[in-house]
Amino acid sequence: MESKQPDLRSPLLASPDGSSGKAEKLCIDDMLKKYCGEFGFWQLRHFVLTSLAWALEGFHTMVMIFADREPAWRCSGGGGGCSTEADSVCHVEPGSWVWIGGSGSSTVAEFGLICGEKYKVGLVQALFFGGCMIGAGVFGHLSDSRLGRKGSLLVVCILNAIFGCVTALSPDYWTYALFRFLTGFSTGGVGLCAFVLATEPVGPSKRGIAGMSTFYFFSGGIALLSGIAYIFQTWRVLYIASSIPSILFLVIVLPFVSESPRWCLIRGKTSRAMKIMHEIASSNGKHLPDGVLLALDEEASDIPDKIESNHKAAFESKGAITGSLIDVLRSPLTRIRLFLAVAINFLCSVVYYGLSLNVVNLNTNLYLNVLLNAVAEMPAFLLTALLLDKFGRKPLAIGTLWFSGFFCIIGSLLKYHYGLWNVARMVCGILGIFGMAGTYNLLFIYTVELFPTVVRNAALGCATQAAQMGAILVPFVVVLGGGIPFVVFGVCGIAGGLLAFYLPETLNRPLYDTMGGMEDGEGAQGNV
């Protein structure tokens, strides 16, 4: 009888963790839950540092409120035909009045954007949001492909700093409009790159509340901007002052921000992804065993327990997996989701920006108004964050959209008189903004969870482009006056809630890495 020969490939000594050479392969979500921690010190630090970029977006977006404002004016006493009772300088004899604060106080005063030229103020705003729309698509694609999340954030912050400072040197209106368009192009990529980079290393049970918290930084940036604008009340100095934080972010903050391990994994940089996961575990006081390896979600469930060294090397050198909007449109599952996300983001943007535009038209302190408007959004962020994991993404999206739409409809029915009617209409507007601010916050985390890593930023960029298109069209609705804008905003809110009925619930669902992994996972759950 032939004796059994020992297997020379088996290890002589068991590994310290007792795995005896067995390799455990997990997707990132499972590795975070089992070994690294879903939201420990590493994720908290990374989340705060990355989300500071949202404040930069708030600076570059809302600086136009102060730079393009129409300053107060007074009679100069240099000629007749001037009366401070006139409702506009267009009804006052030229040369008989002057701007309070001088011509350098705003672009309106310096470039003469009044009377027949007043439309140019709205044109600059439309061009900025048009640049945001293009930039969101471009940097959404680049952050999924060549540049990565951190690389794209680096590029957009550099461009923001350059364009913001150069805008202050604009010699005429059209040069100013060009630089605002270019600033919008880079600004369009800031929020989506920062959001995805901040939330991807977070575990599934903590990702919702973390994602909802990013918008505190955006509102905080707007509130801080009101203070900066109060100190620097000339538009050229204001543009430089609001661009300096982008430089500080590049030098002080970004070097301490890590690339997303999910992006590293789908790009074939498995060793780099594992290094990041070990850093997460170490910083969180956890231990990631050596025998545990990362795998894509579509592979993690179909890998043998023992892997020889040559197989492991092959895994480490696996090529990058890429995806684009074409792949999203080819799949019926993601195609429907993309169309719904685009439509809902568009409608939400119309309501949010539409209700916010009246801030400059109020006869009170502009700096205080912007500050209070930013602070008023924060309770909506807190409320939606608290309810997100209790009720789920879908019911909360429907509820906030309908809440805002309902009060906009009520506002349109109120008669336009003085006294309590105006107060009631103002309250309806505030409640409308409150509901839509919560929706805006929710839609980012919802959109992120609807698409796999390989196309996540491209899909989010597409949805962001739709939101920017809504922002471009809003001024044309506002100028209609009367109760029409409230009707439009109300209809958009209610229609958005109806469309949200067709989205799937993503609460406690994994963040898929690939299109195949999502189709397999959602197919097994019967979740379309």
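The values are calculated or read from the model by the stated rules, or taken from the named source; none is laboratory data. Keep in mind the model is a prediction, meaning the values are calculated, not measured. Here the Cβ positions follow ideal geometry from the backbone for every residue, glycine too, while neighbour counts run over all protein chains shown. Ligands, DNA and RNA are stripped out before the accessible areas are found, and what is left, the full protein with its side chains, is counted by its heavy atoms. Shrake-Rupley method; radii C 1.70, N 1.55, O 1.52, S 1.80 Å.
Counting only residues that are out of contact with any Lys or Arg (no Cβ under 9 Å at 6 or more places or on another chain) and under 19 Å from Gly135 (Cα atoms), which one in the range 166-176 is most open to solvent (accessible area, probe 1.4 Å)?
Here the answer is Val166.
Just to be sure, is Leu154 open to solvent by less than 50 Å² (accessible area, probe 1.4 Å), touching a residue at least 24 places away in the same chain (Cβ under 8 Å) and either farther than 20 Å from Pro475 by Cβ or part of a loop (DSSP other than H, G, I, E, B) (or both)?
It is false that Leu154 is open to solvent by less than 50 Å² (accessible area, probe 1.4 Å), touching a residue at least 24 places away in the same chain (Cβ under 8 Å) and either farther than 20 Å from Pro475 by Cβ or part of a loop (DSSP other than H, G, I, E, B) (or both).
Filtering the range 203-233 down to residues that are at pLDDT below 90 and not in a helix (DSSP H, G or I), which residue is surrounded by the fewest Cβ atoms within 10 Å (Cβ to Cβ)?
Result: Gln233.
Conditions (1) open to solvent by less than 10 Å² (accessible area, probe 1.4 Å); (2) modelled with pLDDT of 80 or more; (3) part of a helix (DSSP H, G or I); (4) under 22 Å from Arg330 (Cβ atoms), marked per residue:
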position	(1), (2), (3), (4)
Val455	yes, no, yes, yes
Leu460	yes, no, yes, yes
Ala463	yes, yes, yes, yes
Ala467	yes, yes, yes, no
Leu473	no, yes, yes, no
Leu480	no, no, no, no
Phe486	no, yes, yes, no
Gly490	yes, yes, yes, no
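Of all helices (runs of 4 or more DSSP H) completely enclosed by the range 320-395, which ones contain at least 1 residues that are open to solvent by 50 Å² or more (accessible area, probe 1.4 Å), modelled with pLDDT under 80 and over 21 Å from Val448 (Cα atoms)?
Those helices (runs of 4 or more DSSP H) span 366-391.
Among the residues of the range 90-101, are any more than 25 Å from Thr175 (Cα to Cα) and open to solvent by less than 30 Å² (accessible area, probe 1.4 Å)?
yes
Looking at the range 492-528, which of its residues are outside any helix (DSSP H, G or I), modelled with pLDDT of 85 or more and either closer than 14 Å to Cys348 by Cα or open to solvent by less than 40 Å² (accessible area, probe 1.4 Å) (or both)?
Correct list: Leu503, Pro504.
Out of Ala241, Ala281, report the one residue that is within 14 Å of Asp30 (Cα to Cα) and out of contact with any Pro (no Cβ under 6 Å at 6 or more places or on another chain).
Ala281
So Asp172 clears everything in (1) acidic (Asp, Glu); (2) modelled with pLDDT of 85 or more; (3) under 25 Å from Val253 (Cβ atoms) except one condition, right? Which one?
(3)
Could you check the range 253-300 for helices (runs of 4 or more DSSP H) lying wholly inside it with 2 or more residues that are of a type in the set (S, T, N, Q) and touching a Phe, Trp or Tyr at 6+ places or on another chain (Cβ under 8 Å)?
270-283
Using the structure shown, decide if Ser76 is touching a strand residue (DSSP E or B) at 6+ places or on another chain (Cβ under 9 Å) and either of a type outside the set (D, E, K, R) or at pLDDT below 75 (or both).
Yes: the conditions hold for Ser76.
Taking the residues in the range 45-63 that are among the β-branched types (Val, Ile, Thr) and under 15 Å from the mean Cα position of the chain (by Cα) as candidates, determine which candidate is nearest to Thr107 (Cα to Cα).
Checking each candidate, the answer is Thr61.
Ile244 versus (1) surrounded by 21 or more Cβ atoms within 10 Å (Cβ to Cβ); (2) modelled with pLDDT of 90 or more; (3) over 22 Å from Leu372 (Cβ atoms): which is the lone unmet condition?
Status for Ile244: all satisfied but (1).
Suppose the filter is open to solvent by 30 Å² or more (accessible area, probe 1.4 Å), closer than 24 Å to His46 by Cβ, part of a helix (DSSP H, G or I) and in contact (Cβ under 8 Å) with a residue 12 or more places away in the chain; does Leu250 pass it?
Answer is yes for this residue.
Of the numbered conditions (1) touching a residue at least 60 places away in the same chain (Cβ under 8 Å); (2) among the aliphatic types (A, V, I, L, M); (3) open to solvent by 40 Å² or more (accessible area, probe 1.4 Å), Ile162 fails exactly one; give the number of that condition.
That leaves (1) as the condition not met.
If you go through the range 88-101, how many residues are at pLDDT 75 or above and on the phi > 0 side of the Ramachandran plot?
Number satisfying all stated conditions: 1.
Limited to the range 30-77, what total is found for residues that are open to solvent by 50 Å² or more (accessible area, probe 1.4 Å), under 23 Å from Ala223 (Cα atoms), of a type outside the set (A, V, I, L, M) and assigned to a helix (DSSP H, G or I)?
Number satisfying all stated conditions: 1.
Considering the range 258-270 alone, what residues qualify as being buried (at least 21 other Cβ atoms within 10 Å of the Cβ) and within 14 Å of Ala194 (Cα to Cα)?
Correct list: Ser260, Trp263.
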